[in-house]
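Only one structure is covered here, and it is reproduced in the block below.
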Amino acid sequence: MKRALVTGASGGIGAVLAQTLARAGLHVIVHANSNIERAESVAAAIRGEGGSAETIAFDVADPAASRSALETLLAVGPIQVLINNAGLHDDAVLAGMQFEQWRKVIDVSLNGFYNVTQPLLLPMLRTRWGRIISMSSVAGIIGNRGQANYAAAKAGLIGASKSLALEVASRGVTVNVVAPGVIATPMTADVFSKEQIDALVPMKRAGSPDEVADLVAFLASDHAGYITAQVISINGGMA
């Protein structure tokens, strides 16, 4: 059974990603930083459905903590599916943005990509099969007012992923980016009104976490073995 690590899997989209990958037959490592109780709940739900899951907690923005946790996981064997989903936003227009707001958003989304992906690469490459999928955002493609930090981090994931894809393509490892638009989660419910969604999204609805997870699960499967270095938007026509 292949093992999958989903970072930020205690969040709304991350939890559904973990559950969907487990239903596809993967052993899922459900990652959290501070909300390990939520991660344990997600893993328990997976096991309750007959799936296979465990949890792990570490701060993806901390290089030493990430490497230590990943070494523990790698002692059991390679991780062949990695979903870089951990991220956060701390919004402000750039003229009023504090450096700490800039730093922490970049640290989690972009430095976190390096801190988690790099230690897993050589063990994955030795198996000659792997899937690395990073969660970007429509903001990383078209920008968004008040989110220069978040957009920069999410755009950075695209450049890093395209470069990595070229480096590992000959070893059976694909690297892709999924860029969601407005997705219905408890967090977005407080941000976007129905009127705002109607104005922003040509399909005039928010996407569902299940729709995002189904796309990720496809990219993580054998069926997507010839798809790499791509940015796939799932945004109802926003961009």
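Among the residues of the stretch 25-52, which ones are of a type in the set (A, V, I, L, M, F, W, C) and either more than 21 Å from residue 117 (Cβ to Cβ) or assigned to a helix (DSSP H, G or I) (or both)?
Step one: filter the stretch 25-52 for residues of a type in the set (A, V, I, L, M, F, W, C), giving 26, 28-30, 32, 36, 39, 42-46.
Listed by number, the residues that qualify are 36, 39, 42, 43, 44, 45, 46.
Considering only the stretch 144-174, how many residues are in contact (Cβ under 8 Å) with a residue 60 or more places away in the chain and either assigned to a loop (DSSP other than H, G, I, E, B) or hydrophobic (A, V, I, L, M, F, W, C) (or both)? Walk me through how you get there before you give the answer.
Here is the first cut: in the stretch 144-174, the ones in contact (Cβ under 8 Å) with a residue 60 or more places away in the chain are 149-150, 153-154, 157-158, 161-162, 165-166, 169.
When the remaining residues are screened for being either assigned to a loop (DSSP other than H, G, I, E, B) or hydrophobic (A, V, I, L, M, F, W, C) (or both), the result is 153, 157-158, 165-166, 169.
Residues in the stretch 144-174 being in contact (Cβ under 8 Å) with a residue 60 or more places away in the chain and either assigned to a loop (DSSP other than H, G, I, E, B) or hydrophobic (A, V, I, L, M, F, W, C) (or both): 6 in total.
With respect to residue 206, determine if the residue is under 30 Å from residue 125 (Cβ atoms) and either crowded, with 17+ Cβ neighbours inside 10 Å or among the aliphatic types (A, V, I, L, M) (or both).
Numbers: under 30 Å from residue 125 (Cβ atoms): no; either crowded, with 17+ Cβ neighbours inside 10 Å or among the aliphatic types (A, V, I, L, M) (or both): yes.
Judged against the criteria, residue 206 is not a match.
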Under 12 Å from the mean Cα position of the chain (by Cα) and either part of a loop (DSSP other than H, G, I, E, B) or under 21 Å from residue 178 (Cα atoms) (or both), is that true of residue 22? no
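Which of the residues belonging to the stretch 159-174 are crowded, with 17+ Cβ neighbours inside 10 Å and under 18 Å from residue 137 (Cα atoms)?
Residues of the stretch 159-174 crowded, with 17+ Cβ neighbours inside 10 Å: 160-161, 164-165, 168, 173-174.
Of everything in the stretch 159-174, those that are crowded, with 17+ Cβ neighbours inside 10 Å and under 18 Å from residue 137 (Cα atoms) turn out to be 160, 161.
Identify all residues within the stretch 175-199 that are of a type in the set (Gly, Ala, Ser) and either closer than 30 Å to residue 225 by Cβ or surrounded by 15 or more Cβ atoms within 10 Å (Cβ to Cβ) (or both); write none if there are none. Give the steps one after another, and end with the answer.
First, the residues of the stretch 175-199 that are of a type in the set (Gly, Ala, Ser): 179, 181, 184, 189, 193, 199.
Selection gives 179, 181, 184.
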Qualifying residue in the stretch 80-89 (condition: touching a residue at least 40 places away in the same chain (Cβ under 8 Å), surrounded by fewer than 17 Cβ atoms within 10 Å (Cβ to Cβ) and over 16 Å from residue 150 (Cα atoms)): no
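Output the residue which, of all residues in the stretch 175-207 that are of a type in the set (Ser, Thr, Tyr) and part of a loop (DSSP other than H, G, I, E, B), is farthest from the chain's Cα centre (by Cα).
193
Looking only at the stretch 91-103, filter to residues that are touching a residue at least 40 places away in the same chain (Cβ under 8 Å) and surrounded by fewer than 18 Cβ atoms within 10 Å (Cβ to Cβ); which one of those is nearest to residue 14 (Cα to Cα)?
Step one: filter the stretch 91-103 for residues touching a residue at least 40 places away in the same chain (Cβ under 8 Å), giving 91-94, 97, 101-102.
Okay, now just the ones that are also surrounded by fewer than 18 Cβ atoms within 10 Å (Cβ to Cβ), so 91-94, 97.
Working: 91: 21, 92: 25, 93: 27, 94: 28, 97: 27 Å.
Checking each candidate, the answer is 91.
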Residues located in the stretch 58-106, provided they are more than 17 Å from the chain's Cα centre (by Cα), aliphatic (A, V, I, L, M), in a helix (DSSP H, G or I) and under 22 Å from residue 130 (Cβ atoms): 69, 73, 74
Out of the stretch 12-69, which residues are farther than 22 Å from residue 222 by Cβ, surrounded by fewer than 23 Cβ atoms within 10 Å (Cβ to Cβ) and touching a residue at least 60 places away in the same chain (Cβ under 8 Å)? 12
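Throughout, read-outs are computed from the coordinates displayed, never taken from laboratory work. The structure presented is a predicted model; accordingly, all values stated were derived computationally and were not measured. So basically every Cβ, Gly included, is an ideal-geometry build from the backbone, and we count neighbours across all protein chains shown.
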